[in-house]
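In what follows, a structure is listed as C-alpha coordinates, so that the remarks can point back to it.
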Amino acid sequence: MQEIAFFDLTLIQRFRDYINFSIRYTCGDYVCSAQGMGWIKGDEVIYYLNHLILDDRYASKKELALIGITEVGMRFLFEHPQLDELTQSHIKAIFAKK
(Lines give C-alpha, C1' and ligand atoms only; values in the text may rest on other atoms or scores of the structure.)
Protein backbone atom coordinates (compact mmCIF):
# COMPACT_ATOMS: atom_id res chain seq x y z
CA MET A 1 0.00 0.00 0.00
CA GLN A 2 1.28 3.46 -0.92
CA GLU A 3 2.39 5.76 1.90
CA ILE A 4 0.49 9.03 2.41
CA ALA A 5 2.93 11.74 3.53
CA PHE A 6 0.75 14.81 2.89
CA PHE A 7 -3.02 15.38 2.88
CA ASP A 8 -4.90 18.68 2.72
CA LEU A 9 -8.65 19.06 2.25
CA THR A 10 -9.79 22.62 1.55
CA LEU A 11 -13.39 23.76 1.60
CA ILE A 12 -14.30 25.51 -1.66
CA GLN A 13 -17.96 26.23 -0.97
CA ARG A 14 -20.48 25.18 1.63
CA PHE A 15 -24.13 24.82 0.84
CA ARG A 16 -26.90 23.95 3.28
CA ASP A 17 -26.63 20.18 2.84
CA TYR A 18 -23.40 19.55 0.90
CA ILE A 19 -19.92 20.92 0.34
CA ASN A 20 -17.50 21.33 -2.56
CA PHE A 21 -13.89 20.68 -1.62
CA SER A 22 -10.43 20.22 -3.07
CA ILE A 23 -7.81 17.74 -1.92
CA ARG A 24 -4.05 17.71 -2.40
CA TYR A 25 -2.10 14.68 -1.24
CA THR A 26 0.89 12.50 -1.91
CA CYS A 27 0.54 8.80 -2.56
CA GLY A 28 3.92 7.11 -2.70
CA ASP A 29 5.94 9.10 -5.25
CA TYR A 30 2.88 10.76 -6.79
CA VAL A 31 1.59 14.28 -6.12
CA CYS A 32 -2.17 14.21 -6.56
CA SER A 33 -5.17 16.47 -6.40
CA ALA A 34 -8.89 16.13 -6.83
CA GLN A 35 -12.09 18.04 -6.33
CA GLY A 36 -15.18 16.56 -4.81
CA MET A 37 -18.56 16.92 -3.23
CA GLY A 38 -19.55 15.54 0.15
CA TRP A 39 -22.53 15.37 2.47
CA ILE A 40 -23.76 13.53 5.53
CA LYS A 41 -26.76 11.21 5.41
CA GLY A 42 -27.70 10.10 8.91
CA ASP A 43 -24.38 9.01 10.43
CA GLU A 44 -22.77 8.20 7.08
CA VAL A 45 -20.38 10.48 5.18
CA ILE A 46 -20.89 10.28 1.42
CA TYR A 47 -18.53 11.85 -1.07
CA TYR A 48 -17.31 11.53 -4.61
CA LEU A 49 -14.24 12.79 -6.40
CA ASN A 50 -13.70 14.35 -9.82
CA HIS A 51 -10.98 16.31 -11.65
CA LEU A 52 -8.43 13.67 -10.66
CA ILE A 53 -4.90 14.97 -11.25
CA LEU A 54 -1.74 12.87 -11.08
CA ASP A 55 1.55 14.77 -11.32
CA ASP A 56 0.00 17.80 -13.12
CA ARG A 57 -2.12 15.86 -15.64
CA TYR A 58 -5.50 14.17 -15.58
CA ALA A 59 -5.22 10.58 -14.37
CA SER A 60 -6.42 7.81 -16.64
CA LYS A 61 -8.69 5.09 -15.29
CA LYS A 62 -5.72 2.70 -15.28
CA GLU A 63 -3.67 5.10 -13.15
CA LEU A 64 -6.35 5.67 -10.52
CA ALA A 65 -5.37 2.60 -8.49
CA LEU A 66 -1.84 4.04 -8.24
CA ILE A 67 -3.22 7.05 -6.36
CA GLY A 68 -5.67 5.21 -4.11
CA ILE A 69 -8.87 5.76 -6.11
CA THR A 70 -11.46 3.31 -7.39
CA GLU A 71 -14.64 3.68 -9.41
CA VAL A 72 -17.75 2.47 -7.61
CA GLY A 73 -20.87 2.67 -9.72
CA MET A 74 -20.60 6.09 -11.25
CA ARG A 75 -18.56 7.59 -8.40
CA PHE A 76 -14.81 7.83 -7.83
CA LEU A 77 -13.85 7.14 -4.19
CA PHE A 78 -10.74 6.50 -2.18
CA GLU A 79 -10.06 2.80 -1.81
CA HIS A 80 -6.93 3.57 0.21
CA PRO A 81 -8.15 3.26 3.84
CA GLN A 82 -6.09 6.18 5.16
CA LEU A 83 -7.24 8.55 2.37
CA ASP A 84 -10.86 7.49 2.87
CA GLU A 85 -10.67 8.02 6.63
CA LEU A 86 -8.96 11.42 6.28
CA THR A 87 -11.56 12.57 3.77
CA GLN A 88 -14.50 11.42 5.88
CA SER A 89 -13.11 12.94 9.09
CA HIS A 90 -12.47 16.31 7.40
CA ILE A 91 -16.01 16.34 5.95
CA LYS A 92 -17.47 15.54 9.39
CA ALA A 93 -15.44 18.35 10.95
CA ILE A 94 -16.68 20.86 8.37
CA PHE A 95 -20.32 19.93 9.01
CA ALA A 96 -19.75 20.02 12.78
CA LYS A 97 -18.90 23.73 12.51
CA LYS A 98 -21.91 26.01 12.46
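The values are calculated or read from the model by the stated rules, or taken from the named source; none is laboratory data. The shown structure was predicted, so the numbers you read here are calculated from the model rather than taken from an experiment. Reconstructed Cβ throughout: ideal geometry from the backbone, glycine too, with neighbour counts over all protein chains shown. Side chains included, ligands, DNA and RNA excluded: accessible areas come from the protein's heavy atoms. Shrake-Rupley method; radii C 1.70, N 1.55, O 1.52, S 1.80 Å.
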> Under 9 Å by Cβ, and 6 or more places apart or on different chains, what pairs join a residue from region 32-51 that is within 15 Å of GLU79 (Cβ to Cβ) and of a type in the set (Phe, Trp, Tyr) with one that is open to solvent by 10 Å² or more (accessible area, probe 1.4 Å) and modelled with pLDDT under 95?
Replying inline: TYR47/ARG75; TYR48/VAL72; TYR48/MET74; TYR48/ARG75
> Tally time: how many residues in region 58-73 are in contact with a helix residue (DSSP H, G or I) (Cβ under 9 Å, 6 or more places away or on another chain), open to solvent by 40 Å² or more (accessible area, probe 1.4 Å) and touching a residue at least 60 places away in the same chain (Cβ under 8 Å)?
Replying inline: 0
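Any idea which residue in region 31-52 is farthest from GLN2 (Cα to Cα), counting only those that are open to solvent by 60 Å² or more (accessible area, probe 1.4 Å) and of a type outside the set (Val, Ile, Thr)?
Restricting to residues being open to solvent by 60 Å² or more (accessible area, probe 1.4 Å) and of a type outside the set (Val, Ile, Thr), the top hit is GLY42.
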